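Written out below as structure tokens is the structure these notes cover.
The values are calculated or read from the model by the stated rules, or taken from the named source; none is laboratory data. Source: prediction; values computed, not measured. FYI the Cβ positions are ideal-geometry reconstructions off the backbone, even for glycines, and counts take in every protein chain you see. SASA here: full protein model, heavy atoms, side chains in, ligands and nucleic acids out. Shrake-Rupley method; radii C 1.70, N 1.55, O 1.52, S 1.80 Å.
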Amino acid sequence: MRLSRLFLPTLKEDPAEAKIASHRLMLRAGMVRQATAGIYSWLPMGLRVLRKIERIVRDEQDAAGCQEILMPTIQPADLWRESGRYDGYGKEMLRIVDRHDREMLYGPTNEELVTDIFRGAVRSYRDLPKLLYHIQWKFRDEVRPRFGVMRGREFLMKDSYSFDLDYAGARRSYNRMFVAYLRTFARMGLKAIPMQADTGPIGGDLSHEFIILADTGESEVFCHRDYLSFDALAETVDYDADLEPMVARWTELYAATDEKHDAAAAAELGDALITARGIEVGHIFYFGTKYSAPMGATVTGPAGEEITLEMGSYGIGVSRLVGAIIEAFHDDAGIVWPEAVAPWRVGLINLRTGDGACDAACEDFYAKCQAAGIELLYDDRDERAGGKFANMDLIGLPWQVIVGPRGVKAGVVEIKRRASGEREELTADAALNRLLA
Ligand code: 5CA
């Protein structure tokens with residue numbers, strides 16, 4: 001992609017409304033624009049990142065045996081009356097009346113709708129277990145939408161739902177999602193720690209929040225220091241095997257959110273206790289028959305008996321993750337994308353657009369990257385070098401390749417790692433090989 005053609009409305013100044021780094025940088029880097037409080041439009045660069053995050057989430061859900069569906073954003077109120085949540089959900093639910101005076105709502109979550117699909121389609125214990133997920137926009141009329149996409153009113157969530165015959169089965173499904181979550185966040189470069197958590201309006205009695213530590217996090221969290229050196233990708237996972245030992249290893253050390261914090265238990269950790277702020281990027285719940293019982297979602301068991309489904313639900317804040325990743329990876333100059341979610345891997349800077357030799361060297365490099373499948377953003381604009389450097393640092397692509405008249409004459413380009421600032425001069429072909437390595 002050529003920067004001269006890209007719709008990337010960057011801002012020179014910090015927007016006054018942005019209180020935290022990720023919000024400020026997402027606006028400055030032209031990733032999103034606010035439509036109204038807590039509701040955002042995603043511009044090309046922001047959307048590319050959102051899609052990369054989605055892809056990792058989808059990949060790990062599929063690997064864990066979860067099947068993708070797509071449910072609508074608008075739901076009928078009647079389903080929520082069946083579960084008993086319609087009145088209780090309160091003002092956070094956006095309620096809508098259609099032209100026939102039918103009550104609808106913009107879904108804040110999908111337990112009811114997916115239970116309705118399942119009860120209409122599955123009759124026998126032989127059809128279990130099943131795990132279904134979708135990636136869809138949600139609406140919650142938050143009292144205080146803030147921090148940009150971190151606490152929006154409209155936001156993109158991945159939500160999965162499990163259907164099992166008994167507690168043991170539900171626990172296996174829970175473990176699958178638990179492990180898939182560890183891998184999902186680790187692939188984005190994040191250290192997400194599973195913490196005992198409250199269940200809130202979703203309900204149930206077993207729940208973990210996946211939290212990344214960040215000073216700007218909304219909740220206070222407590223955990224054992226050793227979690228920071230755990231590596232979820234160090235082992236290969238067989239989702240058909242017993243995952244309980246892996247889950248046990250990730251839950252045996254102390255880790256709890258504010259609501260579940262046990263000061264006495266935490267005090268025993270001594271120096272190993274970390275007290276920090278955290279961002280919740282995922283939340284998983286086992287709630288048994290909370291929805292299936294009132295909604296009559298049952299299957300016939302082996303002896304012809306009627307069995308009420310055991311269920312759980314599992315959420316990831318896909319749009320929140322864009323902000324959370326920036327909170328974890330930025331410096332004074334801008335964003336520092338981890339490779340896995342970077343909108344482009346490389347930024348090519350032409351220091352003298354219009355100079356025949358520089359233009360030719362850049363075009364050649366651009367074509368070679370395209371042929372090699374390297375995602376590259378080429379700053380071909382007629383701008384001052386200083387402005388180009390600042391802009392490239394702001395948008396934070398992992399690698400920069402800098403082409404200037406002096407280097408072209410000497411047959412070299414400069415390659416810079418955004419994260420460390422490390423620079424090296426080498427031939428264009430060697431730079432290309434570096435990027436392919
Ligand atoms: N039905 C369950 C699991 S599928 C559920 O709704 N869980 S949740 O309420 O915990 O939301 C799941 C994830 O969505 C959260 O962990 C968080 O990362 C994200 N999320 C929740 N509210 C918002 C919000 N207002 N803005 C951005 N992301 C949010």
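Condition test on Ile326, is it in a helix (DSSP H, G or I) and in contact (Cβ under 8 Å) with a residue 24 or more places away in the chain? Quick ask: steps written out before the conclusion?
On the way: in a helix (DSSP H, G or I): yes; in contact (Cβ under 8 Å) with a residue 24 or more places away in the chain: yes.
Yes: the conditions hold for Ile326.
In the stretch 36-57, which residues are open to solvent by 40 Å² or more (accessible area, probe 1.4 Å) and away from the ligand (no atom under 15 Å from the Cβ)?
Within the stretch 36-57, the first condition is being open to solvent by 40 Å² or more (accessible area, probe 1.4 Å), and the residues that meet it are 36-37, 41-42, 44, 47-48, 51, 55.
Passing the criteria: Ser41, Pro44, Leu47, Arg48, Arg51, Arg55.
Within the stretch 361-379, is there a residue that is touching a residue at least 60 places away in the same chain (Cβ under 8 Å), of a type in the set (Asp, Glu) and open to solvent by less than 30 Å² (accessible area, probe 1.4 Å)? For the stretch 361-379, residues touching a residue at least 60 places away in the same chain (Cβ under 8 Å), of a type in the set (Asp, Glu) and open to solvent by less than 30 Å² (accessible area, probe 1.4 Å): present. The set of residues from the stretch 109-135 being open to solvent by 30 Å² or more (accessible area, probe 1.4 Å) and not charged (D, E, K, R) comprises Ile117, Gly120, Ala121, Tyr125, Pro129. Does Arg33 meet the test of being closer than 19 Å to Val322 by Cα, surrounded by 13 or more Cβ atoms within 10 Å (Cβ to Cβ) and among the basic types (Lys, Arg)? So Arg33 fits the description; yes. Applying a threshold of 8 Å to beta carbon distances and a minimum spacing of six or more residues, or different chains, the list of pairs starting in the stretch 330-343 at a residue that is at positive phi and ending at one that is not charged (D, E, K, R) reads Gly334/Leu25; Gly334/Ala29; Gly334/Leu394; Gly334/Ile395; Gly334/Gly396. I'd like to know if the stretch 155-167 contains one or more residues that are more than 11 Å from the ligand (Cβ to nearest atom), within 27 Å of Gln61 (Cα to Cα) and out of contact with any Pro (no Cβ under 8 Å at 6 or more places or on another chain). Among the residues of the stretch 155-167, at least one is more than 11 Å from the ligand (Cβ to nearest atom), within 27 Å of Gln61 (Cα to Cα) and out of contact with any Pro (no Cβ under 8 Å at 6 or more places or on another chain), which makes the answer yes.
So is Ile316 within 16 Å of the ligand (Cβ to nearest atom), open to solvent by less than 10 Å² (accessible area, probe 1.4 Å), in contact with a Ser or Thr (Cβ under 8 Å, 6 or more places away or on another chain) and not in a strand (DSSP E or B) or not? Spell out how you get there, then give the answer.
Details: within 16 Å of the ligand (Cβ to nearest atom): yes; open to solvent by less than 10 Å² (accessible area, probe 1.4 Å): yes; in contact with a Ser or Thr (Cβ under 8 Å, 6 or more places away or on another chain): yes; not in a strand (DSSP E or B): no.
It is false that Ile316 is within 16 Å of the ligand (Cβ to nearest atom), open to solvent by less than 10 Å² (accessible area, probe 1.4 Å), in contact with a Ser or Thr (Cβ under 8 Å, 6 or more places away or on another chain) and not in a strand (DSSP E or B).
In the stretch 299-311, which residue that is part of a strand (DSSP E or B) and either among the charged types (D, E, K, R) or within 33 Å of the chain's Cα centre (by Cα) (or both) is nearest to the ligand (Cβ to nearest atom)? It would help to see each step written out before you state the result.
First pass over the stretch 299-311, keeping only residues part of a strand (DSSP E or B): 299-300, 306-308, 310-311.
The next check asks that each one be either among the charged types (D, E, K, R) or within 33 Å of the chain's Cα centre (by Cα) (or both); those that pass are 306, 308, 310-311.
Working: Glu306: 26, Thr308: 19, Glu310: 16, Met311: 11 Å.
This residue is Met311.
Name the residue, out of Lys416, Lys388, Lys409, Lys368, that is modelled with pLDDT of 95 or more and in a strand (DSSP E or B). Spell out how you get there, then give the answer.
On the way: Lys388 fails: in a strand (DSSP E or B); Lys409 fails: in a strand (DSSP E or B); Lys368 fails: in a strand (DSSP E or B).
None of the other options fit; the residue is Lys416.
From the list Asp215, Asp226, Asp231, Asp240, the one residue that fits, being more than 16 Å from the ligand (Cβ to nearest atom) and either of a type in the set (A, V, I, L, M) or in a helix (DSSP H, G or I) (or both), is Asp226.
Criterion first (at pLDDT below 95 and open to solvent by 10 Å² or more (accessible area, probe 1.4 Å)) does Glu280 satisfy it? Before you say what the answer is, go through the steps one by one.
Working: at pLDDT below 95: no; open to solvent by 10 Å² or more (accessible area, probe 1.4 Å): yes.
Spelling it out, it is not the case that Glu280 is at pLDDT below 95 and open to solvent by 10 Å² or more (accessible area, probe 1.4 Å).
Does Val143 meet the test of being out of contact with any strand residue (DSSP E or B) (no Cβ under 7 Å at 6 or more places or on another chain), surrounded by fewer than 17 Cβ atoms within 10 Å (Cβ to Cβ) and not small (Gly, Ala, Ser)? Considered against the rule, which asks whether it is out of contact with any strand residue (DSSP E or B) (no Cβ under 7 Å at 6 or more places or on another chain), surrounded by fewer than 17 Cβ atoms within 10 Å (Cβ to Cβ) and not small (Gly, Ala, Ser), Val143 comes out as yes.
Among the residues of the stretch 250-294, those that are within 24 Å of the chain's Cα centre (by Cα), assigned to a helix (DSSP H, G or I) and more than 16 Å from the ligand (Cβ to nearest atom) comprise Trp250, Thr251. In the stretch 80-105, how many residues are on the phi < 0 side of the Ramachandran plot, open to solvent by less than 80 Å² (accessible area, probe 1.4 Å) and either free of Cβ contacts under 8 Å to residues at least 40 places away in the same chain or polar (S, T, N, Q) (or both)? Final tally of qualifying residues: 7.
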